[in-house]
Amino acid sequence: MTAIVFYEKPGCIGNARQKQLLVGLGHRLEVRDLLRTAWEADDLARYFAGMPVRDWLNPSAPAVRDGDIDIDALDAGAALALLVAEPLLIRRPLIDSPHGRCAGFLPGPVLAALGVPEAARALDSCARGTQTPQSRAPSCDARAAACRSDTGRRATDATAPSSTGQRSTDQSSAGQSSAGQSSAGQSSVGQSSAGHTSPAPGSEAGPVGSAEP
């Protein structure tokens, strides 16, 4: 039994099948989240020893698959900076074992030492990302990218002023102003009534004239 550190993207179908194969071969896995690991360029580079720079990137990542990133134009420094900034672009899994480190699940010295057969190369890519364009469902990478984009939009919307709330505040202010004016009017009427007092009964002055004889 070999202890292996296995960096995955949680929920990835391909990574789940790779883990199942390794466990079936008798290895013990310490599974870590590839996306939440704080990568340093020098440490990350050790997983790509002997690999062409273009193979460092995850071919199922939307930005790679759709051609937004020209992977053939990247040198090692630029590629590492890109991968550190956006771990979703890292070819996965990353495997750290007593036999060495490797990226991806293609045949090589590390996987061979772990007893992984060459036929397992079919597990190297995301199951949904390799379908034909006509029947392709979103890969787990595409769903992850969409989720981050949607989360960013919701955060932006939450910080924007609400027009509905502003209208409610304006209406409330207008209502308070009207109520204040109404109270002022009633106070004025009350003062006017208080100033106009009726004479007491019997105190009304009669007509001026002589007393009866």
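Every number here is computed from the coordinates shown, using simple stated rules; none is lab data. Because the structure is predicted, anything quoted here is derived from the model rather than measured. Don't worry about glycine lacking a Cβ; one is built from the backbone with ideal geometry, like all the others, and counts go over all protein chains shown.
Before moving on, here are some points about what is shown:
- Rounded, prolate or oblate (a/c below 1.5 giving rounded, otherwise prolate when a/b exceeds b/c) for the range 1-71 by Cα gyration tensor: prolate
- Here the Karplus relation 6.51 cos²θ - 1.76 cosθ + 1.60, evaluated at θ = phi - 60°, turns the backbone of the range 65-77 into coupling constants of 4, 8, x, 5, 10, 8, 5, 7, 9, 8, 9, 4, x Hz, with x for every Gly and Pro.
- Gap separating the Cα centres of the range 60-89 and the range 24-54, nearest whole Å: 16
- Loop-located trypsin sites (Lys or Arg not before Pro) across the range 1-106 with a Cβ neighbour count of 16 or fewer within 10 Å are ARG36, with loop assigned by DSSP.
- Counted residue by residue at 0.36 nm each, then reduced by the alpha carbon distance between them, the extension gain from LEU25 to ALA76 reaches 15.0 nm.
- Counted by neighbouring Cβ atoms within 10 Å, the residues LEU22, LEU123 run from fewest to most as LEU123, LEU22.
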